[in-house]
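Worksheet for the structure shown next.
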Amino acid sequence: MSAKPIVIDRKGDTLVILTTKDSHPGCSYSAPNNDPDCQPEIHFLCSKKHLALASQRADRMFDSGFKEATPERADGLYHWKFDAIFDPTAFEIVLKIIHGKNRDIPQAVDVQLLAGISAVVDDLECHDVLWFFAKRWLAVLSQVNVLKTQKDVAQRILISFVFHDPVMFEASTKTAITGYWVFTQTPGLPIRPKILNEIQKRREKALAKLVDGLYDIERKLLNQKLGCNPGCRAMLLGTLIQIMDEYDLYSPRPAKPFYSLDLKTITKSMGKFQLPEYYSPLNESPIGDYSGVWSISSYPSRLSSQGRSSQSGWGFSNSETEAPQRLVQHHCSLRGSIDSLLQTAETEVKGLGLAEYSPCQFSNRDIH
């Protein structure tokens with residue numbers, strides 16, 4: 001069974017065939033319907049001349065010795081077939097723009113359709129002919145900044161790469177570095193492996209620096225380089241271990257590639273972590289490292305198994321010679337050390353620079 005092609009150029013000499021995963025109004029079949037291996041196809045009647053002028057890939061192909069460069073005997077048309085990796089609507093929009101059929105081109109497109117268009121443009125290498133529309137679409141898209149899923153981020157990385165938007169590219173790659181466990185290739189969004197590898201490399205570097213910093217604080221507490229007395233250090237160390245364990249950063253120590261860690265969640269949550277207050281006897285507190293003095297006239301007590309009061313509820317002996325009469329609140333805290341690590345993680349992580357990954361896609365033009 002064969003359906004009429006979608007006519008892009010009524011005098012066309014080339015049949016562009018897009019294999020699809022789903023049925024479409026313009027689908028035809030290259031084999032009987034009962035063939036389980038048959039996939040729906042959409043046929044577009046196009047002009048070889050327009051394709052070759054707009055698409056660098058088409059120009060190379062038609063100038064080669066491949067079978068696509070020779071008309072089919074059955075219908076006298078050139079046949080150019082594509083696998084089922086492109087959105088049919090996006091594919092049709094690109095073909096119409098290539099042929100100057102601009103009347104039906106939308107003034108604005110959503111991010112999913114624009115990502116689909118980007119994938120087609122990147123494959124056909126027809127960036128210049130899309131420049132005018134890309135500029136308009138990106139102006140609308142830049143006003144929307146909703147990045148909830150990895151797919152949302154991947155779409156913007158692809159769009160900004162193909163249509164050469166350095167600001168969007170840097171912002172979206174930074175989100176990929178800080179916001180997800182492992183940023184991988186998303187089906188239908190062909191992001192360059194070099195870009196994905198650099199995202200993972202920077203993600204691992206940032207997480208490694210944060211983990212190393214937290215373990216350095218632990219080492220300083222154990223070596224008595226932080227905290228003012230044993231009780232203070234014990235409180236700080238216990239708090240640090242609880243914080244690290246809460247985010248899977250302790251026992252076992254995480255290592256590259258840090259599959260289970262999310263940098264953005266860790267830094268955001270740690271910044272809000274409530275650190276406990278510590279009180280100790282006045283004589284155990286270095287001058288200047290505490291505030292306020294509490295005088296204690298009596299201690300709560302609890303009965304031992306023999307019915308005698310053994311220790312105060314404050315954790316000190318009930319002996320009048322051992323129980324402190326005055327307590328002070330310590331200034332010692334992990335907040336300064338942890339906040340410094342978090343601030344470093346947030347400020348040092350940078351998105352990727354587009355110039356390092358993208359050739360000059362648009363001839364002598366800036367997308368803005």
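Any read-out appearing in this document is the output of simple, stated calculations on the displayed coordinates, not a laboratory observation. All figures in this text were calculated on a predicted structure; none of them were measured in a lab. So basically every Cβ, Gly included, is an ideal-geometry build from the backbone, and we count neighbours across all protein chains shown.
Put a dot 7 Å past the Cα of MET61, heading toward its Cβ, do the same for ARG335, and the two dots end up 6.3 nm apart. For SER55, no residue whose modelled amide H falls within less than 5 Å of its own remains once neighbours fewer than 5 places apart on the same chain are excluded.
Once backbone amide H atoms are built at 1.01 Å from N, LEU77 has GLU72 as its partners under 5 Å, excluding neighbours fewer than 5 places away on the same chain.
The residues SER172, SER142, when put in order of fewest to most other Cβ atoms within 10 Å, stand as SER142, SER172. Using θ = phi - 60° in the Karplus curve 6.51 cos²θ - 1.76 cosθ + 1.60, the 3J(HN,Hα) couplings for the stretch 77-86 round to 9, 6, 10, 10, 10, 10, 6, 7, 10, 10 Hz; x is entered for Gly and Pro. Using the Cβ-Cβ distance between ALA208 and LYS11 with R0 = 41 Å, the FRET efficiency computed as 1/(1 + (r/R0)^6) comes to roughly 0.10. When the stretch 6-142 is described by a simple charge dipole with +1 on each Lys and Arg Cβ and -1 on each Asp and Glu Cβ, the residue from TRP80, LEU114, ALA52 located farthest towards its positive end is ALA52.
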